[in-house]
Amino acid sequence: MNRKKITVPCIRKMKSSGEKITVLTAYDYPTARLLDRAGVEILLVGDSVGNVVLGYENTLPVTVAEMVHHTAAVARAKPTALVVADMPFMSYQASPEEAVRNAGRFVKEARAEAVKLEGGKRILRMVETIIRADIPVMGHIGLTPQSVHRMGGYRVQGRGPKSEKRLIEDARALEETGCFSIVLEGITSEVAEKITAAVGIPTIGIGAGPGCDGQVLVVHDLLGMDDEFRPRFVKRYDELGKRIRDAVECYVAEVKSGRFPGPEHCYTRDREAEKRRSGETDPDKSIGVEEERGC
Ligand code: KIV
């Protein structure tokens, strides 16, 4: 399928046209290619790379260097989807100057097309400075994982009237400051729906119900990579963790028993026999080996 490049204005327009926006995390080149070919509109290089891929306890230790590294890998897939990079903890909180310099690294060094920052009114100065540098910003409110210590854990937001009022105010403030969309994470469905109606920019929900303009999931969760992680907001579309384990167990058993590699996986002196067996015109081409003349 030949799709047109998805840009920030395209994402904004999707709200008015009523087309739901699909967002998934991607942290590497092959995954970015697969998700892009499957038709996802935004590839989010989330700082969830910290706990999902790098083995950290939470997202707080993730560095700008790590995020730039992973974002660059995703951007090298040259996706049709918009590439959004998460700004990690303490890369934007200290000052607007530091925030815009770090945001600039994502665009210049990693080829991101937008950045995402967690927080509402408290971070408006940073958001404004980044947007003034022509770097599009996606907001992120609700259960913001970088605030895990303030929240005392990962807690669903918007359960009471005070929390609802603060979330709506935060969303409006982010829109007024120029964000092109806002992630609503871990928010009651009722409040997420009210926020979505209150702003003119698209809301992208995760654990925020069906009333948002789009949905985002961590791709590893959707694919069922971790048997033990089963929060309510995730729908598992596959059980890849189990399938990978089964495949690797098979490989281990076949190597131990001598069943792998079989004749069809081997190179021999008899090229004609190899060709007949594999149906390939030049067996060496399959691994990119140049023909060795005279051998
Ligand atoms: O880091 C991340 O993956 C995110 C999404 C889950 C919204 O911020």
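The values are calculated or read from the model by the stated rules, or taken from the named source; none is laboratory data. Values in this document were obtained by computation on a predicted structure and should not be read as measured data. All Cβ positions, glycine included, derive from the backbone under ideal geometry; neighbour counts span all protein chains shown. Surface accessibility is based on the protein's heavy atoms, side chains included, excluding ligands, DNA and RNA. Shrake-Rupley method; radii C 1.70, N 1.55, O 1.52, S 1.80 Å.
For the stretch 61-176, please list each of the strands (runs of 3 or more DSSP E) lying entirely inside it that holds at least 3 residues being in the same structural domain as T25 (by TED's automatic domain parsing) and farther than 20 Å from Y29 by Cβ. Even if it seems obvious, please write down each step before you answer.
Working: elements: 82-86, 114-116, 137-142.
The qualifying strands (runs of 3 or more DSSP E) are 137-142.
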Subset of the stretch 139-170 (residues that are open to solvent by 40 Å² or more (accessible area, probe 1.4 Å) and within 16 Å of the ligand (Cβ to nearest atom)): Y154, R155, V156
Selection status of G224, modelled with pLDDT of 95 or more, crowded, with 19+ Cβ neighbours inside 10 Å, farther than 28 Å from L124 by Cβ and away from the ligand (no atom under 16 Å from the Cβ): yes
Filter pass, P136 being surrounded by 19 or more Cβ atoms within 10 Å (Cβ to Cβ), at pLDDT 95 or above and within 21 Å of R12 (Cα to Cα): yes
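Picking from F260, F229, which residue would you name as being within 16 Å of the ligand (Cβ to nearest atom) and open to solvent by 30 Å² or more (accessible area, probe 1.4 Å)? Spell out how you get there, then give the answer.
Working: F260 fails: within 16 Å of the ligand (Cβ to nearest atom).
After applying the criteria, what remains is F229.
Conditions tested, residue by residue: (1) of a type in the set (A, V, I, L, M, F, W, C); (2) on the phi > 0 side of the Ramachandran plot.
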{"site": "R172", "(1), (2)": "no, no"}
{"site": "G178", "(1), (2)": "no, yes"}
{"site": "I187", "(1), (2)": "yes, no"}
{"site": "E193", "(1), (2)": "no, no"}
{"site": "T203", "(1), (2)": "no, no"}
{"site": "G214", "(1), (2)": "no, no"}
{"site": "V218", "(1), (2)": "yes, no"}
Single residue of V74, V84, V127, V115 found to be closer than 23 Å to V191 by Cβ, open to solvent by less than 10 Å² (accessible area, probe 1.4 Å), touching a strand residue (DSSP E or B) at 6+ places or on another chain (Cβ under 6 Å) and among the aliphatic types (A, V, I, L, M): V127
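May I ask you to verify whether V45 is open to solvent by less than 30 Å² (accessible area, probe 1.4 Å), within 12 Å of the chain's Cα centre (by Cα) and within 11 Å of the ligand (Cβ to nearest atom)?
Values: open to solvent by less than 30 Å² (accessible area, probe 1.4 Å): yes; within 12 Å of the chain's Cα centre (by Cα): yes; within 11 Å of the ligand (Cβ to nearest atom): yes.
Against the criterion (open to solvent by less than 30 Å² (accessible area, probe 1.4 Å), within 12 Å of the chain's Cα centre (by Cα) and within 11 Å of the ligand (Cβ to nearest atom)), V45 qualifies.
One line per residue, one yes/no per condition, for (1) in a helix (DSSP H, G or I); (2) surrounded by 11 or more Cβ atoms within 10 Å (Cβ to Cβ); (3) outside the structural domain of E57 (by TED's automatic domain parsing):
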residue	(1), (2), (3)
V234	no, yes, yes
Y237	no, yes, yes
E249	yes, no, yes
K256	yes, no, yes
A273	yes, yes, yes
E280	no, yes, yes
